[in-house]
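Inspection log for the structure reproduced underneath, given as structure tokens.
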Amino acid sequence: MPRNTRRGRPPSEDVLTPSEWRVVHAVQHGLSNREIARRRGISVDAVKYHVANAVAKLGVNNRAGLRRWFREPRGSALQRKEKPMSTLQLGPLAQIARTVRDIKESEAWYGQTLGLKHLYSFGSLAFFDCGGTRLYLSAAEKPAPESILYLRVEDIRSACDTLHARGVEFTQAPHLVHRHADGTEEWLAHFNDPEGRPLALLCQVKP
């Protein structure tokens, strides 16, 4: 008699599958289902499916709850990094983000007219070096009136815990936004100042 074999992908050892993690982090970054689908190269229905699965697995009530939920993916560089015992110390300004109407026009203006060093571009995103601070440009139909200031921290988990204890409410939980070719992970967590202006913590974690 032939043995029964299970078809499909093997069960994930983590709380979420790799695809679900990517979608959850995109939701936490503030992207819509349509934007996630376009960036991931999948259908909107597939995004909705992953979001629904994540909400059910994590026990949150809705998309807003999902944006505030946090855990490191199993095997990620951040999950392997030991939490420091030191108190919170905000590092130098790591990045400034601006939205622009025309990414190609702005890429040429910041690079050629201002002479900033172009780091890399992909799709509607462009990055420049501004004296050691990264300038991040992204295309938007209606550019935001405020730039986002990104403050570098050694460990984003400890930093968020400390600031939360001081009354800071994070609009987006720490989430993975990019993994470089060498395995270095970039994590962000967003919050606002008393006037409602956007800030974020940025943490780079080497493998």
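Of all lysines in the structure, those lying under 17 Å Cα to Cα from LYS57, and not within fewer than 8 positions of it along the same chain, are LYS48. The string of couplings for segment 44-58 from the Karplus curve (6.51, -1.76, 1.60, θ = phi - 60°) is 4, 4, 5, 4, 4, 4, 5, 4, 4, 4, 5, 4, 5, 5, 8 Hz, one whole number per residue in order, with x for Gly and Pro.
Seen from ARG134, the other residues with C-beta closer than 13 Å to its C-beta sum to a net charge of +1, counting Lys and Arg as +1 and Asp and Glu as -1. For segment 184-191, putting each phi into the Karplus relation 6.51 cos²θ - 1.76 cosθ + 1.60 with θ = phi - 60° gives couplings of 5, 9, 10, 10, 10, 8, 9, 7 Hz, in residue order, rounded to whole numbers and with x for Gly and Pro.
Amide hydrogen proximity for VAL60: with H placed 1.01 Å from N in the peptide plane, no residue at 5 or more positions away or on another chain lies under 5 Å. Modelled label positions at ALA165 and VAL177, each set 7 Å beyond Cα in the direction of Cβ, lie 2.6 nm from each other. Largest GNM mean-square fluctuation among SER138, SER124, SER158, using the chain with Cα springs under 10 Å: SER124. Taken about its Cα centre, the chain carries a charge dipole of about 900 debye when Lys and Arg each add +1 at the Cβ and Asp and Glu each add -1 at the Cβ.
With neighbours defined as other Cβ atoms within 10 Å of a residue's Cβ, the residues ARG74, ARG22, ARG166, ARG134 order from fewest to most as ARG166, ARG74, ARG134, ARG22. With a Förster radius of 30 Å applied to the beta-carbon distance between TRP69 and ASP102, the computed FRET efficiency rounds to 0.25. Rounded to the nearest 500 deg cm²/dmol, what is the calculated helix-only ellipticity per residue at 222 nm for the chain, with -39500 (n - 2.57) per DSSP H run of length n ≥ 4? Result for the chain, helices only: -8000 deg cm²/dmol. Here LYS117 is the anchor, and the lysines within straight C-alpha reach of less than 29 Å, apart from those fewer than 8 places off in the same chain, are LYS104, LYS142, LYS206.
Toward the positive end of the charge dipole of the chain, with +1 on the Cβ of Lys and Arg and -1 on the Cβ of Asp and Glu, the farthest Cα among SER147, LEU188, GLY132 is that of LEU188.
Between HIS29, LEU114, VAL55, the Cα set farthest toward the positive side of the dipole of the chain (charges on each charged residue's Cβ, about the Cα centre) is that of VAL55. The listed peptides 141-150, 92-101, 32-41, ordered by packing as a protection proxy, come out as 92-101, 32-41, 141-150 (highest mean of other Cβ atoms within 10 Å first). Using DSSP, restrict attention to beta bridges with both residues in the chain and report what percent are antiparallel, rounded to the nearest 5. Here the antiparallel bridges make up roughly 75 percent for the chain.
Please report the relative contact order for the chain, taking Cα pairs under 8 Å with a sequence separation of at least 6, and give it as a percent rounded to a whole number.
Details: 326 pairs, mean separation 39.3, N = 207.
Answer for the chain is 19 percent.
Values in this text are rule-based calculations from the coordinates and carry no lab data. The structure presented is a predicted model; accordingly, all values stated were derived computationally and were not measured. Neighbour counts are summed over all protein chains in view; Cβ atoms, including those assigned to glycine, are modelled from backbone coordinates with ideal geometry.
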